[in-house]
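Following: one structure in structure tokens, then a few remarks.
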Amino acid sequence: MKKVFAILSALALILTLAVPLVGGAQVSPGSSPEGCTLRMDMRFNGEDGSPIDLERGTTVGPNAEDGYNSDDWAIVCMLHTVHYVTNWIFYIIIIAVGIMILYAGFMYLTAGGDADKPKTANKIIVYAIIGLVLALLARAIPAAVRYIVGM
């Protein structure tokens, strides 16, 4: 079970590092970035404190004619990418936690007097709880980034 937990942790780390790099690789060297298109709704406070609602499909960038054109478009794109990636990591970890708990329950039910199966099931549940805590932390990262950036 430690191997499964290590593999899931490595996968989450790879996704956290690789997805923003792949997204940033779309801009060719020497050209200026054009911004991004939002894949989810976003809400934050503007420079004057008024709320800004951006809907899915809105173009954000320096040359966005029909979208959000502001000096802080790069921060909005970065926050959007962080939020989008952490949402996917959250869903993947929640599915893995559910599968681990179902498997541990199956091990409890099929123990049949074997003393090792309940011990193994207890370890699996502990790892599932650790995974759940990691998922909740992944969900809290965008809020922390928004607080630090001041949005």
query = Only one of these conditions is not met by G112: (1) outside any loop (DSSP other than H, G, I, E, B); (2) surrounded by fewer than 17 Cβ atoms within 10 Å (Cβ to Cβ). Which number is it?
reply = (1)
message = What's the total number of residues in the range 111-125 that are in contact (Cβ under 8 Å) with a residue 40 or more places away in the chain and closer than 30 Å to H83 by Cα?
response = 1
task = Scan the range 79-106 for residues that are farther than 15 Å from A135 by Cα and either of a type outside the set (A, V, I, L, M) or under 13 Å from the mean Cα position of the chain (by Cα) (or both) and jot them down.
result = L79, H80, T81, Y103, G105, F106
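Can you tell me how many residues within the range 121-151 are buried (at least 16 other Cβ atoms within 10 Å of the Cβ) and not hydrophobic (A, V, I, L, M, F, W, C)?
Result for the range 121-151: 5.
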request  = Show the residue pairs that are 6+ apart or on different chains and have beta-carbon atoms under 9 Å apart, the first residue being within the range 126-145 and of a type in the set (K, R), the second being assigned to a helix (DSSP H, G or I).
outcome  = R139/T86; R139/N87; R139/I89; R139/F90
In the range 6-60, the residues that are modelled with pLDDT of 75 or more and polar (S, T, N, Q) = T37, S50, T58, T59
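The values are calculated or read from the model by the stated rules, or taken from the named source; none is laboratory data. Everything numeric in this text was worked out from a predicted model, so none of it was measured. Cβ sites come from the backbone with ideal geometry, for glycine too, and all protein chains shown count toward neighbours.
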